[in-house]
Amino acid sequence: MIVETWPQWQKAVEGVGLEFTSAAEYQVFPPPESGSPGGGEAAVALMPLLERFDPHVVINDILTVAPALAAEKYGCHWATLIPHIYPVPEPRMPFFAIGALPPRTPIGRGFWGMADHLLLKGLERGRADLNAQRLVVGLPPTDRFHGGISPDLAMVTTYPQLEYPRKWPESVHVTGPMPFELPHDGIELPPGDDPLILVAPSTSQDPDNHLVRSALKATAGMPVRIVATTNNVKPQSPIEVPANAVLVNWLSYSQVMPIADLILCHGGHGTVARALAEGVPVLTCPAAGDMNETAARITWAGVGLSVRWSLTGPNTLRWAIAEVLSDPGYKQKAEEIAAWSRKNDGAARGAELIETFATP
């Protein structure tokens, strides 16, 4: 097996006995006038590797279209890994990443039905951009939308409890999450027996450490313990840490999440999935993109609450934290997902699907 990804993951990949190759940097669909390499050029650059390795199957992340194009050109099986909620919307349902709850009445379904033409325009634009990259590789145009998702096997690494009811394509499988964590030294926790809250912000969406700062101000003086991490986002100014909290640059989720009572995060799917695997409720403050969608599913599934990013101040967080901790229903729903997770190994299910798919 060969893993093509960013250079910072080389040690981790090779550490588990796999071959590593560095991924080229490219824009998936660059503007024609930019001159920047796109997914098509990156796919062409991958062809010598495929010819040398002669794989039975290529698995692409949904955001990396180059391996998908290269696999199709080479003529081998192609599968897609989707590390979050399934992004293809059902008719008369909210668009992905808007963060809207499903309609409860015919009027609501009618509204989203009327809005479908807006989504169609975006899908047509995306298909045109993809076909431009397919031309670079020497592939014929496709009439499919969501052309970066394999039509033969797509693995959605989320919990079925977070997916809105829908008619699932036969090629799409909700496997459950496939967690991976690099080992890290343990940290010293705040003393005492008060409820433990982990503040786990995004590594990319909060350069000012706003969530950590607001959370520490919100919980100062509350009967809780706080473990907050900057997740390698270097503070541009000092962060005041109250007596009931510790602040670290990095930590192991596997150390803190199993004993936490609440996870406060931006709503990145990986963080949410790890929390729910431990049966811990989640409070999200989505900053961008699919975080909005994950936040909506958390609310819908009853495993936590969401606070709009524009309202993420100490007063709002103080109220939301108290609400989740005081209502045992959130914990109960999260534990139901944890029970499902213990019986359904996402990585094992994914391996099983791939082995079956790749068998001649």
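Just to check your reading of the model, which residue among Gly329, Gly302 is among the small types (Gly, Ala, Ser) and over 16 Å from Pro160 (Cβ atoms)? Working first, answer last.
Working: Gly302 fails: over 16 Å from Pro160 (Cβ atoms).
Going through Gly329, Gly302 in turn, just one is among the small types (Gly, Ala, Ser) and over 16 Å from Pro160 (Cβ atoms): Gly329.
Going residue by residue through region 273-288, is there one that turns out to be out of contact with any Gly (no Cβ under 7 Å at 6 or more places or on another chain) and modelled with pLDDT under 95?
Yes; the residues of region 273-288 include at least one that is out of contact with any Gly (no Cβ under 7 Å at 6 or more places or on another chain) and modelled with pLDDT under 95.
Going through region 186-195 one residue at a time, which ones are of a type outside the set (A, V, I, L, M) and touching a residue at least 60 places away in the same chain (Cβ under 8 Å)?
At the first step, the residues of region 186-195 found to be of a type outside the set (A, V, I, L, M) are 186, 188, 190-195.
Gly186, Pro195, listed by residue number.
Could you run through region 274-297 and say how many residues are of a type in the set (D, E, K, R) and in a loop (DSSP other than H, G, I, E, B)? Step through it out loud before you land on a result.
Residues of region 274-297 that are of a type in the set (D, E, K, R), as a first pass: 274, 278, 290, 293, 297.
Keeping just the survivors that are in a loop (DSSP other than H, G, I, E, B) gives 278.
Within region 274-297, residues that are of a type in the set (D, E, K, R) and in a loop (DSSP other than H, G, I, E, B) number 1.
Can you tell which of Ala43, Ala23, Ala12 is in the same structural domain as Gly138 (by TED's automatic domain parsing), of a type in the set (Gly, Ala, Ser) and surrounded by fewer than 17 Cβ atoms within 10 Å (Cβ to Cβ)? Give the steps one after another, and end with the answer.
Values: Ala43 fails: surrounded by fewer than 17 Cβ atoms within 10 Å (Cβ to Cβ); Ala23 fails: surrounded by fewer than 17 Cβ atoms within 10 Å (Cβ to Cβ).
Sole residue among the options that is in the same structural domain as Gly138 (by TED's automatic domain parsing), of a type in the set (Gly, Ala, Ser) and surrounded by fewer than 17 Cβ atoms within 10 Å (Cβ to Cβ): Ala12.
Report, by residue number, each residue of region 209-239 that is in a loop (DSSP other than H, G, I, E, B) and either hydrophobic (A, V, I, L, M, F, W, C) or under 21 Å from Ser254 (Cα atoms) (or both).
The first filter runs over region 209-239 and keeps only residues in a loop (DSSP other than H, G, I, E, B), leaving 209, 220-224, 230-239.
Within region 209-239, Ala220, Met222, Val224, Thr230, Asn231, Asn232, Val233, Ile239 meet the criteria.
What number of residues within region 1-58 are part of a helix (DSSP H, G or I) and within 25 Å of Asp129 (Cβ to Cβ)?
Restricting attention to region 1-58, the residues satisfying the condition of being part of a helix (DSSP H, G or I) are 7-15, 32-34, 39-53.
Still in the list and also within 25 Å of Asp129 (Cβ to Cβ): 32-34, 39-47, 49-50.
Adding up the residues that qualify gives 14.
So how many residues does region 164-179 have that are surrounded by 10 or more Cβ atoms within 10 Å (Cβ to Cβ) and touching a residue at least 40 places away in the same chain (Cβ under 8 Å)?
Just the residues of region 164-179 that are surrounded by 10 or more Cβ atoms within 10 Å (Cβ to Cβ), to begin with: 164, 166, 168-169, 171-179.
Going one step further and asking which of them are touching a residue at least 40 places away in the same chain (Cβ under 8 Å), we end up with 164, 166, 172-179.
Number of matching residues: 10.
Looking at Leu211, Leu198, Leu153, Leu182, which one is exposed (fewer than 12 other Cβ atoms within 10 Å of the Cβ) and in contact (Cβ under 8 Å) with a residue 24 or more places away in the chain?
Numbers: Leu211 fails: exposed (fewer than 12 other Cβ atoms within 10 Å of the Cβ); Leu198 fails: exposed (fewer than 12 other Cβ atoms within 10 Å of the Cβ); Leu153 fails: exposed (fewer than 12 other Cβ atoms within 10 Å of the Cβ).
Going through Leu211, Leu198, Leu153, Leu182 in turn, just one is exposed (fewer than 12 other Cβ atoms within 10 Å of the Cβ) and in contact (Cβ under 8 Å) with a residue 24 or more places away in the chain: Leu182.
Among the residues of region 298-312, is any farther than 21 Å from Pro195 by Cβ, part of a loop (DSSP other than H, G, I, E, B) and in contact (Cβ under 8 Å) with a residue 12 or more places away in the chain?
yes
Just checking, how many residues over region 223-237 are surrounded by 12 or more Cβ atoms within 10 Å (Cβ to Cβ) and among the hydroxyl-bearing types (Ser, Thr, Tyr)?
So the count comes out to 2.
The values are calculated or read from the model by the stated rules, or taken from the named source; none is laboratory data. Owing to the predicted nature of the structure, the values given are computational and were not obtained by experimental measurement. All Cβ positions, even for glycine, are placed from backbone atoms using ideal geometry, and neighbour counts span all protein chains on display.
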